[in-house]
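Enquirer: Mind looking over this structure? Questions follow.
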Amino acid sequence: MSFCGSSYSLSMLGTLFVVATPIGNLGDISIRALDTLRQVSMIACEDTRRTQQLMNHYQIKNKLIRYDEHSHKRMSPQILESVGAGQSVALVTDAGTPGVSDPGSRLIQEAIKKRISVVPIPGASSLISALSVSGFGSESFVFLGFLPRRTGRAKRMLREALGLGRTTIVFESPFRIMATLATIEDVCSKADVLLAREMTKMYEEFIRGDIQTVRSMMEKKTPKGEFVLIVEPKID
């Protein structure tokens, strides 16, 4: 396999490609990712309808199969059997890089156990995009993904991470963002926060301030879209 503008080449036989796709703006995808999506035997995706929009935009025709947390047990053996037989499969998530707080991590783990070649095709990541514009320390940070629904467990995780004095990053839905902000203030009342919403999309928004200010600002809004929440504890 060859890629435009590069001498890099890689055999596609028996390979699981972990392909990053845009987090919003369809222009945020690499030439190498597009090449991979065109040439693999099939594409395993969380939502075939969403991935089809990307395929249509770039006029790519390929076989899409659904792979998500509900179909994992049924589809994982089929996908790995195909790769083991010499086919190539691209794994994509709804947005961003697969394997980061999504069901793709389980497929990757099983592929590694079977000694199947797993190759990353780098690209967009909401986690890194938000961190890059946060202005917070990024030499060392903690990523917690989506916090547990139980407040007690969420508090323990946050207390452990923020207690280290490290920048801490979580994903959150619009339905739980207010509760999560309240939990963070309860755990660490002296902290600066960045809320990143709808990054790279039309209604992209960044809300900054100390935890009290951000909570106050959010109380005046109707939360919409997925959030990346970054917290930097203030060290006295």
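Enquirer: When you scan the stretch 200-214, how many residues do you find that are of a type in the set (D, E, K, R) and farther than 18 Å from residue 184 by Cα?
Expert: Here the count works out to 3.
Enquirer: Something else about it: For the stretch 22-47: of the residues being part of a helix (DSSP H, G or I) and over 17 Å from the mean Cα position of the chain (by Cα), which is surrounded by the most Cβ atoms within 10 Å (Cβ to Cβ)?
Expert: Filtering the stretch 22-47 down to residues part of a helix (DSSP H, G or I) leaves 31-39.
Those left that are additionally over 17 Å from the mean Cα position of the chain (by Cα): 31-32, 34-39.
Numbers: 31: 11, 32: 21, 34: 20, 35: 17, 36: 24, 37: 22, 38: 15, 39: 15.
Step by step, filter the stretch 22-47, then rank; the result is 36.
Enquirer: Within the stretch 121-142, how many residues are in contact with a Leu (Cβ under 6 Å, 6 or more places away or on another chain) and touching a residue at least 40 places away in the same chain (Cβ under 8 Å)?
Expert: 1
Enquirer: Take the residues in the stretch 154-194 that are among the hydrophobic types (A, V, I, L, M, F, W, C) and touching a Phe, Trp or Tyr at 6+ places or on another chain (Cβ under 6 Å); name whichever of them is nearest to residue 28 (Cα to Cα).
Expert: 171
Enquirer: Also, I was wondering about something else. Considering only residues that are without any contact (Cβ under 8 Å) to a residue 24 or more places away in the chain and of a type in the set (A, V, I, L, M), look in the stretch 180-218 and name the one that is surrounded by the fewest Cβ atoms within 10 Å (Cβ to Cβ).
Expert: The extreme case among them is 202.
Enquirer: While we're here: Residue 71 fails exactly one of the following numbered conditions: (1) modelled with pLDDT of 95 or more; (2) surrounded by 13 or more Cβ atoms within 10 Å (Cβ to Cβ); (3) of a type in the set (S, T, N, Q). What is the number of that condition?
Expert: The number of the failed condition is (1).
Enquirer: Hey, another quick one. So, residue 119, is that one modelled with pLDDT of 95 or more, more than 18 Å from the chain's Cα centre (by Cα) and on the phi < 0 side of the Ramachandran plot or not?
Expert: Criteria not met by residue 119.
Enquirer: Would you pick out the residues in the stretch 150-175 that are free of Cβ contacts under 8 Å to residues at least 12 places away in the same chain and in a loop (DSSP other than H, G, I, E, B)?
Expert: If the condition is that a residue be free of Cβ contacts under 8 Å to residues at least 12 places away in the same chain and in a loop (DSSP other than H, G, I, E, B), then 150 is the only one that fits.
The values are calculated or read from the model by the stated rules, or taken from the named source; none is laboratory data. Owing to the predicted nature of the structure, the values given are computational and were not obtained by experimental measurement. Note: ideal-geometry Cβ built from the backbone for every residue, glycine included; neighbour counts use all protein chains shown.
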